1. Within region 29-71, can you find the residues that are in contact with a Gly (Cβ under 9 Å, 6 or more places away or on another chain) and of a type in the set (Val, Ile, Thr)?
2. Using beta carbons and a limit of 9 Å, which pairs, at least six apart or on different chains, have the first residue in region 34-61 and under 19 Å from HIS72 (Cβ atoms) and the second one of a type in the set (Gly, Ala, Ser) and not in a loop (DSSP other than H, G, I, E, B)?
Amino acid sequence: MKLLTAVAIAALSLPFGTTAFAQSSPSGLTHAEVIAQLKQAQAEGLVPTPNGDYPPSAATIAHNREIYAIQHGTDGASGVRTRGMPASHPVAASD
């Protein structure tokens, strides 16, 4: 009798458990939007960052902007604004 009750409870709970994991709406961002955001963060110098430097320091941002400018053949990423820091703000890169 206990086995029959356990099987009945398990059988009735299966349909309810599977709906808990169903995704009702998409995540909100498309793959292309995520790639565009990543490219923007690279241009702003926010990524990559070392493990111990989060949020990235001004020196890391300046270094990343310099590398981005070299890799992409731009005359400098100084026109890109970083949140909280104006584009004309001088940042000394330290190595």
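The numbers here are math on the coordinates, done by the rules we state, and not lab data. The model shown is predicted, which means the values in this text are computed figures rather than measured ones. Please note: Cβ atoms are built from the backbone with ideal geometry, for glycine as well, and neighbour counts cover all protein chains shown.
1. Of everything in region 29-71, those that are in contact with a Gly (Cβ under 9 Å, 6 or more places away or on another chain) and of a type in the set (Val, Ile, Thr) turn out to be THR60, ILE61, ILE67.
2. GLY45/ALA62; VAL47/ALA41
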